[in-house]
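The values are calculated or read from the model by the stated rules, or taken from the named source; none is laboratory data. Every value quoted in this text rests on a predicted model; they were computed, and no experiment measured them. A quick note on method: Cβ atoms are made from the backbone with ideal geometry, for glycine too, and the neighbour counts reach across all protein chains shown.
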Amino acid sequence: MAGQGQLSGKTAIVTGASRPNGIGAAIAVALAEQGANIIVHYASSEQGAKDVVKTLQSMGVKAAAIQADAGSADFGTKLVQDTLDAFQTSTIDIIVNNAGINIPSTGIADVELSAWDAVFHSNVRAPFLLIQAALPYLTKPGGRVVNIGSNIAKMGHQMLTVYSASKGALNTMTVSMAQELGPMGITINVVAPGPIATDMAMKGSPVYDKLFGIMHIKREGTTREVASAVSWLASPDAGFVTGQLIPVDGGAGWP
């Protein structure tokens, strides 16, 4: 059972949290361990989201699954309103923008405009729309926003130009938003994972080979290690940390 942790009674939205062994689900569990009530957002995997909700409810917190299309223009307004209705609350305390997509590794010449748009809609526009829609309801002071980026945004990779660009845009957006949200008492940061052991990992790809070649810690990270960083940033302990990028990547690409 979840104890009376530092996030007891707070409302958290975690996007892309429907994969039971994924980063989003691990983040939801870590926040629930600190007492937060969790909205499990999903795009298409309703059963996966329900399974995650069941796990969270067994921990003694409130949890609900909400569907929203990250590519739609009403993504933010729908998810926020559904959250307020689901928990009968007027405030939102924590937003974790974890949902994101990639396209198959491809060279510049082969990238289609529709693929570019899909990646940027999911990885950049959707987080912006959610923060924008939630802003009137975010607790002030004390609101927390954590965006899930990627260490590829700093390193780059020749076959991941679109994905790298989208995560780089997310980083810059976060730094800019920190300047506006800071005076309101809202923090916003990026957690940037490296190779993490999930079913979404691109094992055996040139990207993985490159990362493992330069990592200081020669193993994949765990979803729990990413979730722990997010949980800390969402807590009162990190109240003086904003506009920062926290790599969780075994040292890959960082001095």
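Results, tabulated for the structure shown:
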| quantity | calculated |
| --- | --- |
| Restricting the stretch 202-223 to residues that are part of a loop (DSSP other than H, G, I, E, B) and hydrophobic (A, V, I, L, M, F, W, C), the residue that is modelled with the lowest pLDDT | 202 |
| Unmet criterion (only one of (1) within 30 Å of residue 140 (Cα to Cα); (2) modelled with pLDDT under 90) for residue 183 | (2) |
| Unique match (being in a loop (DSSP other than H, G, I, E, B) and either under 15 Å from the mean Cα position of the chain (by Cα) or farther than 24 Å from residue 128 by Cα (or both)) among 47, 57, 6 | 6 |
| Residue in the stretch 228-252 that is farthest from residue 92 (Cα to Cα), counting only those that are in contact with a helix residue (DSSP H, G or I) (Cβ under 6 Å, 6 or more places away or on another chain) and assigned to a loop (DSSP other than H, G, I, E, B) | 252 |
| Residue check, residue 44 closer than 29 Å to residue 166 by Cα, out of contact with any helix residue (DSSP H, G or I) (no Cβ under 9 Å at 6 or more places or on another chain) and not hydrophobic (A, V, I, L, M, F, W, C) | yes |
| So residue 196, is it at pLDDT 95 or above, closer than 30 Å to residue 11 by Cα and not small (Gly, Ala, Ser) | no |
| Residue identified as touching a residue at least 40 places away in the same chain (Cβ under 8 Å), farther than 30 Å from residue 8 by Cα and of a type outside the set (Phe, Trp, Tyr) among 129, 113, 211 | 211 |
